[in-house]
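Derivation of every value follows stated rules applied to the coordinates shown; laboratory data play no part. Predicted model only: the values in this text are computed from it and were never measured. A quick note on method: Cβ atoms are made from the backbone with ideal geometry, for glycine too, and the neighbour counts reach across all protein chains shown.
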2 protein chains.
Amino acid sequence: MHTNDVISSPSKGSKTKEKILKTSLKLFSTKGYASTTVRDIAGAMGIKQSALYNHFKSKDEILETLISDLTSSAIVTIFEDKDSQELYKQGKSVLMSIATIFKLLSFDAQNEALFKLLMQEIYRNERIREIYNEYFYQENVKKLSGLFFMMMQNDMIKSSDPLLLANEFFSPLFFYQMQVSLLKLDKKSTSSVVSLFEKHVDYFWDMIKIEKQTTLF
Amino acid sequence: MHTNDVISSPSKGSKTKEKILKTSLKLFSTKGYASTTVRDIAGAMGIKQSALYNHFKSKDEILETLISDLTSSAIVTIFEDKDSQELYKQGKSVLMSIATIFKLLSFDAQNEALFKLLMQEIYRNERIREIYNEYFYQENVKKLSGLFFMMMQNDMIKSSDPLLLANEFFSPLFFYQMQVSLLKLDKKSTSSVVSLFEKHVDYFWDMIKIEKQTTLF
DNA sequence: GTCTATAATGCGATAGAC
DNA sequence: GTCTATCGCATTATAGAC
């Protein structure tokens, strides 16, 4: 039986190195990078603080490694690698699957931690901002934009500004995800917010779709 | 000539106390609370660190005071105190003025700093989460919800779920405001995002409004 | 690769002169 | 109300035994 990790971290290394990264992500995403000490990390692992320096040369290097991992995480790759050119044909269901990916992100501990890390450090860490903006925001809005453009060309949705549509579709998903992560922090119920993911798609599609003309006879 | 401060802080006190709060907000919102030292604050004011303790008993008390100020800041009071019951009659223009308030928030240094402070500490400070959730999110979504409900009752907009509509209207505004604050951090152009505030309202209203029936003759 | 011990620095906060 | 001086403690990081 092999290990059942859904996501294998791209920063390969020793078993302890992996554990340091995992533990650090958990602590950084909870207490914030600045408020997490290397003693906290080592303590949570049951080793001494100095032992960490056999695997990373500084606390900062741990964060940098985690940020690098962010690039290839599920957070930034909302679209599957399917043939993007043909995706539009699926219509509403593409949008629904994107919303579902957003929704599920909050319920995978690893991805939730990455999201929280991103949110907490984005104002202080320029590299995080770059990754967020380039790989997460720009990339996805661009793809959505192309999707909507194709749908317009094929008379599936009403004609308008594809880029605006992409932003209008993307931003509530991001916001709802943030809401979920905040509610979970206080152990509050997330069900009403979670239902908004699907409602968003339903509402959004109803607004943009082209009504089937009811034939007169 | 009196001082020309647009917003007078509700935490009254001596001139230095005001200056400490102002300086702290600036630094907290830039470097984060944990990474800002009392020496940083004092240094930026040109006084010694120990002098701060004549005005606040701890670094934490400074943050707590700033958080208390948040409650009465422009960030959390998107709606003017006008008669909320009659607001709906203005139709689209109410929505536009709300979007404008959001937009302008980013261009008042004080409010922008408060927003950044909120975003940076919301995952670590339960009181900030409470204020955000209660006074900023819930309050405004509730008011928006009532607004949309009245509009539906009066056949101004299509009938649907008012609460969903409120969330769909609110979330892009929040997201765009975050985008603006991030872009400004890297001194990038914000014009394309800023234009989204108005475009959002235009698009949103077009989707929900009830088309005027063109009379046949 | 982990341990103990320790260096070197920075932190928040206090005491007391002025 | 600000200053100098200092305390006590926590921090990151290193050195060297095992």
**OP:** Considering only residues that are within 14 Å of another protein chain (Cβ to nearest Cβ) and surrounded by fewer than 20 Cβ atoms within 10 Å (Cβ to Cβ), look in the range A:30-48 and name the one that is nearest to DNA strand D (Cβ to nearest atom).
**Re:** A:THR37
**OP:** Among the numbered conditions (1) crowded, with 21+ Cβ neighbours inside 10 Å; (2) under 21 Å from B:ARG129 (Cβ atoms), tell me where A:SER192 comes up short.
**Re:** (1)
**OP:** Give me a count of the residues in the range B:50-81 that are part of a helix (DSSP H, G or I), over 12 Å from B:LEU21 (Cβ atoms) and within 16 Å of DNA strand D (Cβ to nearest atom).
**Re:** 6
**OP:** Output yes when any residue across the range B:11-24 is within 8 Å of DNA strand D (Cβ to nearest atom), crowded, with 17+ Cβ neighbours inside 10 Å and not basic (Lys, Arg), and no when none is.
**Re:** no
Subject >> Cβ-Cβ under 7 Å pairs, at least 6 apart or on other chains, the range B:49-66 side within 14 Å of another protein chain (Cβ to nearest Cβ), far side within 12 Å of DNA strand D (Cβ to nearest atom) >> reply: B:LYS59/B:VAL38
**OP:** Look at B:LEU104 and say whether it is in a helix (DSSP H, G or I) and either over 21 Å from the mean Cα position of the chain (by Cα) or away from chain A (no Cβ under 13 Å) (or both).
**Re:** yes
Original post:
Does A:LEU164 satisfy the condition of being touching a helix residue (DSSP H, G or I) at 6+ places or on another chain (Cβ under 7 Å) and surrounded by 19 or more Cβ atoms within 10 Å (Cβ to Cβ)?
Top reply: no
